[in-house]
1. Select from segment 79-90 the residues that are assigned to a helix (DSSP H, G or I) and open to solvent by 30 Å² or more (accessible area, probe 1.4 Å) and write down the one among them that is modelled with the highest pLDDT.
2. Filter segment 8-36 down to the residues that are out of contact with any Gly (no Cβ under 8 Å at 6 or more places or on another chain) and at pLDDT 85 or above, then identify the one that is most open to solvent (accessible area, probe 1.4 Å).
3. Which of (1) over 15 Å from residue 119 (Cβ atoms); (2) surrounded by fewer than 17 Cβ atoms within 10 Å (Cβ to Cβ); (3) of a type outside the set (Gly, Ala, Ser); (4) modelled with pLDDT under 90 does residue 4 not meet, given it meets every other one?
4. Going by the conditions given, is residue 76 among the hydrophobic types (A, V, I, L, M, F, W, C), part of a helix (DSSP H, G or I), within 22 Å of residue 139 (Cβ to Cβ) and in contact with a helix residue (DSSP H, G or I) (Cβ under 6 Å, 6 or more places away or on another chain)?
5. Filtering segment 116-143 down to residues that are of a type in the set (Val, Ile, Thr) and surrounded by fewer than 24 Cβ atoms within 10 Å (Cβ to Cβ), which residue is farthest from the chain's Cα centre (by Cα)?
6. With the condition kept exactly as written, say whether any residue in segment 46-65 is among the hydroxyl-bearing types (Ser, Thr, Tyr) and either open to solvent by 50 Å² or more (accessible area, probe 1.4 Å) or modelled with pLDDT of 85 or more (or both).
7. Of the numbered conditions (1) polar (S, T, N, Q); (2) under 19 Å from residue 37 (Cβ atoms); (3) not in a loop (DSSP other than H, G, I, E, B), residue 148 fails exactly one; give the number of that condition.
8. For segment 91-98, check the following and say yes or no: at least one residue is surrounded by 14 or more Cβ atoms within 10 Å (Cβ to Cβ), part of a helix (DSSP H, G or I) and in contact (Cβ under 8 Å) with a residue 60 or more places away in the chain.
Amino acid sequence: MRGVTHLSGGLLVGSVLVRCTNPSGGVVLGAVLGALAPDADAPYSFLQHMVEKTFPKLEHKHPQLTPFFFALRALAFTVMAIVSAISSGKHRGVAHSPLIPILLGLAGLCLPELRWGLWSVALGWLSHLLLDAMTPAGIWKVHGPIRTGSSGDWGIGATLLALAILILVI
């Protein structure tokens with residue numbers, strides 16, 4: 001799936017968490033980060049594009065938000081470095097397994113003050129895995145018919161985004 005589709009999946013997860021559990025809006029950011037993180041080892045990743053292209057443009061237009069974008073960039077670089085390290089050069093390796101979201105979920109049980117942040121990243125990560133399982137490349141041994149960049153991919157991304165907005169508005 002395209003990065004935008006994964007972004008939409010993360011937004012949906014974050015929207016549901018905000019609506020159902022009422023934690024801070026930071027869970028949306030956590031879910032989006034989790035949804036984009038598994039592809040952070042790829043040179044074409046949406047997360048890398050945001051860090052290198054989108055954040056600097058936004059920062060230039062809104063210099064008062066420089067500390068916020070600096071923190072986001074640092075967080076994104078950290079995630080990209082960790083995912084690259086655990087992937088060992090193989091895309092759809094460990095980063096595309098349920099191991100990471102399971103570990104994040106368990107960490108949330110052990111660290112109550114970070115619970116919703118860790119769980120939002122874990123659930124966003126799971127949304128990424130579910131979406132990738134719908135593609136011919138799949139994850140592990142689960143494959144689907146929807147090709148990356150196809151009308152099906154676009155349709156899923158648009159539907160997820162619409163649902164996220166609907167959940168936040170209602």
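1. Taking the candidates together, the pick is 82.
2. In this case the residue turns out to be 19.
3. Condition (4) is where residue 4 drops out.
4. No, not satisfied.
5. Restricting to residues being of a type in the set (Val, Ile, Thr) and surrounded by fewer than 24 Cβ atoms within 10 Å (Cβ to Cβ), the top hit is 142.
6. no
7. Result: residue 148 fails condition (3) only.
8. No, because not a single residue in segment 91-98 is surrounded by 14 or more Cβ atoms within 10 Å (Cβ to Cβ), part of a helix (DSSP H, G or I) and in contact (Cβ under 8 Å) with a residue 60 or more places away in the chain.
The values are calculated or read from the model by the stated rules, or taken from the named source; none is laboratory data. Everything numeric here is computed off the predicted structure, so don't read it as measured data. In this analysis, Cβ positions are derived from the backbone assuming ideal geometry, glycine residues included, and neighbour counts consider all displayed protein chains. Remember, those area values only see protein heavy atoms, side chains included, never the ligands or the DNA or RNA. Shrake-Rupley method; radii C 1.70, N 1.55, O 1.52, S 1.80 Å.
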